[in-house]
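What follows is one structure encoded as structure tokens, with my remarks underneath.
The values are calculated or read from the model by the stated rules, or taken from the named source; none is laboratory data. Owing to the predicted nature of the structure, the values given are computational and were not obtained by experimental measurement. So basically every Cβ, Gly included, is an ideal-geometry build from the backbone, and we count neighbours across all protein chains shown.
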Amino acid sequence: MPNQNLFVALRDAFPADLDTVAVETDNGLHYSWRDLDRATAMVANLLQSLDIPRAADGVPPRVAVQVEKSVEAMVLYLATLRAGFVFLPLNTAYQSAEIEYFIGNAAPAVVVCSSKNFPWVSQIAFKAGTRHVFTLDDDRTGSLLERAAHCSDRQTPVQRGEGDLAAILYTSGTTGRSKGAMLSHGNLLSNAAMLKDYWGWQPGDVLIHALPIFHVHGLFVAIHGALLNGSKMLWHGKFDPRRVIADLPRATVFMGVPTLYVRMLGEASLTRQQAAHMRLFISGSAPLLIETFNDWQARTGHTILERYGMSETIMLTSNPYRADGRFDGQAERRGGTVGFPLPGVEVRVRGDDGAAMPAGEIGGIQVAGPNVFSGYWRMPEKTAEEFTSDGFFKTGDVGKQDERGYVTIVGRSKDLIISGGYNVYPAEIEGYLNELPGVAESAIVGVPHPDFGEVGVAVVIAKPGAALDGERLLAELKARLANFKIPKRCYVEPELPRNTMGKVQKNLLRDRYQGLFKPS
Ligand code: MCA
Ligand code: AMP
């Protein structure tokens, strides 16, 4: 049986000359393919040498990671695959209550955090029964690398089947409690291999990597894309529009959330000439406004390729890359759409009663394919709720598909705000707000924002006799939750609009605050 470990496929794609540059960082470091091979072997050997009891259910140990972006953090991801362990990336913005939930839920055998967070993260981890807590900083220091330095730089990747668990990505549900989407080696590899072909990756491609590496976009789509093509990455620790624009003449592929494109458009250095060497600009994770799509075309001469995906499914649809009609004559990239179902991915649009919607009619988007996750970590009931009886995953996105097959997303049935590419679940924030002294109830809605696309606005109702201050409430939230989840405004009002059934009419609140961040 061939080893289906994703790492094996990525390693097989390394160029023959291992001494060429694989990653060049924005602070002047160069990593060769040999460096990546050796470093992943050493960290994999370290993981395998740890004293970890075998789980009765046979599920491999989880490695939960909350560290700043660095090449070593990517090495840790690849080493986790190589060792046959399960990778669990966590947003660096998460605070203690959030981390406590993830660690409690996933029961990781290993936790890796930054040294500045070690005091509180290790306390949470040890309390939850995790035996091994390491540190890793973005300057190549920390106990993980110190320990790995003593390990051999040779390692045989652990045998894995395509259905074996490779990663768990936490993503919130409508209840506000996060669920861990379980992705297998086969889910990840099938999607990456298909995208390599669909997006026309070619020899000599160079990727600018400027996204965080704790979500699907930066961790899987970008990294797998480059590695599977043996392509060099220009590695940006933090997104800075000027530095990305400065790198364009040395690169061919860029991936970003819409906010990144909006911010680059704000720079005078973004010109047609500066972008002339580029082959492909890809956008996803949030809706790309048609104005951004058009402005980008006018300014650079490039048509952004928009695609659509989810943590549970990786990539689902994409506008076409090729203009030669190779994929059923689907030639043009259409702004405002997310393109066609990717090869092997089935996408269908269903009404509330489950009936198939005719072309052009709006309904719930359901998907199936080798990329779709197997379920939520230790939540069989939640998993069952999200799949149809014939095995399609209900995305919670609302959209339509036209006669030619283009998919357009028009909204979401899930109560979700996507802000700068990060997901914010109103139910979670409302839960925290409602716990604060003097708060009777609250509602959070998403409104348009010129930079983040959409941001949250909170409306709070005070308990009788309580005097509340919106700014103070936001400060309280900020002490508890990841910063991108904090509503950008908080209004104290006498009551929430409700329908005859007593349900809060969020659409009315949305209408009320629609123009709040309109550029003047
Ligand atoms: C930062 N802030 C935000 C956001 N980011 N507020 C709302 N939404 C955000 N996304 C706030 C902080 O709270 C802070 O506020 C202030 O902005 C500055 O923070 P800083 O970290 O310096 O911000 P930044 O560096 O300018 O970051 C903006 C960013 C970042 C570069 C757009 O948010 C980003 O990298 N987004 C990409 C997310 C991503 O990779 N998504 C892919 C998910 P204060 O000062 O008040 O504290 S994968 C996915 O969705 C699916 C599967 C898919 O299809 O890809
Ligand atoms: P996540 O939970 O981070 O996996 O976010 C997945 C959600 O992001 C999807 O269900 C969509 O609502 C949204 N999304 C991703 N790509 C796009 C896109 N190109 N246009 C609109 N929404 C998108």
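Of everything in the range 429-439, what is within 16 Å of ligand 1 (Cβ to nearest atom) and surrounded by fewer than 20 Cβ atoms within 10 Å (Cβ to Cβ)? Give them in sequence order.
Listed by number, the list holds a single entry, 432.
Hey, can you tell me all the residues within the range 347-358 that are surrounded by 11 or more Cβ atoms within 10 Å (Cβ to Cβ) and either in contact with a Pro (Cβ under 9 Å, 6 or more places away or on another chain) or closer than 17 Å to residue 411 by Cα (or both)?
Once the filter is applied, which keeps residues that are surrounded by 11 or more Cβ atoms within 10 Å (Cβ to Cβ) and either in contact with a Pro (Cβ under 9 Å, 6 or more places away or on another chain) or closer than 17 Å to residue 411 by Cα (or both), the range 347-358 yields 347, 348, 349, 350, 351, 357.
Looking only at the range 382-428, which residues are more than 15 Å from ligand 1 (Cβ to nearest atom), under 21 Å from residue 342 (Cβ atoms) and not in a strand (DSSP E or B)?
386, 388, 390, 391, 392, 402, 403, 404, 405, 406
Residues that are among the polar types (S, T, N, Q): find the strands (runs of 3 or more DSSP E) completely inside the range 1-66 holding 2 or more of those.
In the range 1-66, there are no strands (runs of 3 or more DSSP E) which contain 2 or more residues that are among the polar types (S, T, N, Q).
For the range 392-408, how many residues meet the condition of being in contact with a Pro (Cβ under 9 Å, 6 or more places away or on another chain) and at pLDDT 95 or above?
Within the range 392-408, residues that are in contact with a Pro (Cβ under 9 Å, 6 or more places away or on another chain) and at pLDDT 95 or above number 2.
Looking at 179, 238, can you tell me which residue is farther than 23 Å from residue 367 by Cβ and either surrounded by 23 or more Cβ atoms within 10 Å (Cβ to Cβ) or in contact (Cβ under 8 Å) with a residue 60 or more places away in the chain (or both)?
238
Looking only at the range 132-168, which residues are out of contact with any strand residue (DSSP E or B) (no Cβ under 8 Å at 6 or more places or on another chain) and among the basic types (Lys, Arg)?
Answer for the range 132-168, where residues must be out of contact with any strand residue (DSSP E or B) (no Cβ under 8 Å at 6 or more places or on another chain) and among the basic types (Lys, Arg): 140, 154.
Out of the range 451-473, which residues are away from ligand 2 (no atom under 16 Å from the Cβ) and either assigned to a strand (DSSP E or B) or small (Gly, Ala, Ser) (or both)?
Within the range 451-473, 457, 458, 459, 460, 461, 462, 465, 466, 467, 470 meet the criteria.
Taking residue 269 as meeting all but one of (1) surrounded by fewer than 18 Cβ atoms within 10 Å (Cβ to Cβ); (2) farther than 23 Å from residue 233 by Cα, write down the number of the exception.
Failing condition for residue 269: (2).
Just to be sure before I move on: is residue 387 crowded, with 18+ Cβ neighbours inside 10 Å and of a type outside the set (A, V, I, L, M) in the structure I sent?
Taking the combined requirement at face value, the residue does not satisfy it.
Looking at 204, 200, can you tell me which residue is on the phi > 0 side of the Ramachandran plot and without any contact (Cβ under 8 Å) to a residue 60 or more places away in the chain? First the steps, then the outcome.
Values: 200 fails: without any contact (Cβ under 8 Å) to a residue 60 or more places away in the chain.
After ruling out the rest, the residue left standing is 204.
For the range 124-143, indicate whether the set of residues that are under 24 Å from the mean Cα position of the chain (by Cα), crowded, with 16+ Cβ neighbours inside 10 Å and either among the hydroxyl-bearing types (Ser, Thr, Tyr) or closer than 25 Å to residue 374 by Cβ (or both) is non-empty.
yes
Residue-by-condition table, conditions (1) more than 15 Å from ligand 1 (Cβ to nearest atom); (2) over 18 Å from residue 90 (Cβ atoms):
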site: 160; (1), (2): yes, yes
site: 168; (1), (2): no, no
site: 187; (1), (2): no, yes
site: 201; (1), (2): yes, yes
site: 205; (1), (2): yes, yes
site: 216; (1), (2): no, no
site: 221; (1), (2): no, yes
site: 231; (1), (2): yes, yes
site: 242; (1), (2): no, yes
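Check every one of the helices (runs of 4 or more DSSP H) wholly within the range 204-296 and list those with 1 or more residues that are of a type in the set (Asp, Glu) and more than 13 Å from ligand 2 (Cβ to nearest atom).
Because the criterion is at least 1 residues that are of a type in the set (Asp, Glu) and more than 13 Å from ligand 2 (Cβ to nearest atom), the helices (runs of 4 or more DSSP H) in the range 204-296 that meet it are 241-247.
Which of (1) on the phi < 0 side of the Ramachandran plot; (2) part of a loop (DSSP other than H, G, I, E, B) does residue 99 not meet, given it meets every other one?
The single condition residue 99 does not satisfy is (2).
Given the conditions (1) within 16 Å of ligand 2 (Cβ to nearest atom); (2) on the phi < 0 side of the Ramachandran plot, and given that residue 507 satisfies all but one, which numbered condition is not satisfied?
Looking at each condition in turn, residue 507 falls short on (1).
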